Amino acid sequence: ARKFFVGGNWKCNGTAEEVKKIVNTLNEAQVPSQDVVEVVVSPPYVFLPLVKSTLRSDFYVAAQNCWVKKGGAFTGEVSAEMLVNLDIPWVILGHSERRALLNESNEFVGDKVAYALAQGLKVIACVGETLEQREAGSTMDVVAAQTKAIADRVSNWSNVVIAYEPVWAIGTGKVASPAQAQEVHDELRKWLAKNVSDDVAATTRIIYGGSVNGGNCKELGGQADVDGFLVGGASLKPEFIDIIKAAE
Ligand code: 13P
């Protein structure tokens, strides 16, 4: 069975004071046990040490990105080795905001995923189509190409979670319907079965992201192939606790 996974992507938000408040709220929350749900929050780099040192021990932290190879003369970047050095267990890679705004290609994201895994990080790898691509009927081609660039470079999938985040649903309040999410998750799982292995298809968690909130999480999370969420805006609010509880 695939353990439910709830990630909170804080994106480029928060002051130190706000971060402390969010951590306090999380620390006081009554949530299902670690056997039922894996909770990972992803603050901006600069707050990672603060969050890691103050967050309850049954929740984990993720960076929102890392460099594609060994650190060195790459001004402004943070390497996978540095995250490992600070005991940061997870990293989000290939978020659509980085793909779109920072021109990260499928191949570049695939290289990042492979490098981060090789350093011992666990990876939340994001895929998803734009509205234009969905309307053109190419959703599965887009998502398959993004996943293929990872599959071409990765052989051990045990530390990978795939986040399906349709770009049109991110930050828009236009959540995918449970049926729309289930359809893509099911097709992604079939893609993994055909192109990687039945075992990887059966065990890899595929989580949904894009306008998930306290009101829609239960029905989305009830879909057979939706193994959790990657939450943006609502992960900064107490509502995130309700989303964690959707695991039950
Ligand atoms: P929203 O939940 O704000 O739509 O963001 C989703 C997301 O991009 C998570 O990575």
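The values are calculated or read from the model by the stated rules, or taken from the named source; none is laboratory data. Not measured: the values here are computed from a predicted model. Heads up: the accessible areas ignore ligands, DNA and RNA and are worked out on the full protein's heavy atoms, side chains in. Shrake-Rupley method; radii C 1.70, N 1.55, O 1.52, S 1.80 Å.
Observations
- Taking amide H positions as modeled 1.01 Å from N, with prolines and chain starts lacking one, the residues under 5 Å from F229 and 5 or more places away or on another chain are F5, V6, G7, Y208.
- Table column - 3J(HN,Hα) (Hz), the stretch 91-97, Karplus curve with 6.51, -1.76, 1.60, x for Gly and Pro: 9, 8, 10, x, 4, 4, 5
- For the stretch 224-238, backbone phi angles converted through the Karplus equation (6.51, -1.76, 1.60; θ = phi - 60°) give residue-by-residue couplings of 4, 10, 9, 9, x, 9, 10, 9, x, x, 6, 6, 8, 10, x Hz, Gly and Pro being listed as x.
- In sequence order, the stretch 52-59 has phi-based couplings of 4, 7, 10, 6, 3, 7, 8, 10 Hz under the Karplus curve 6.51 cos²θ - 1.76 cosθ + 1.60, θ = phi - 60°, and Gly or Pro positions carry x.
- With all protein chains in place and a 1.4 Å probe, the accessible surface of the stretch 128-248 carries 48 percent carbon and sulfur.
- Per residue accessible area of the chain, 1.4 Å probe, in Å²: 45
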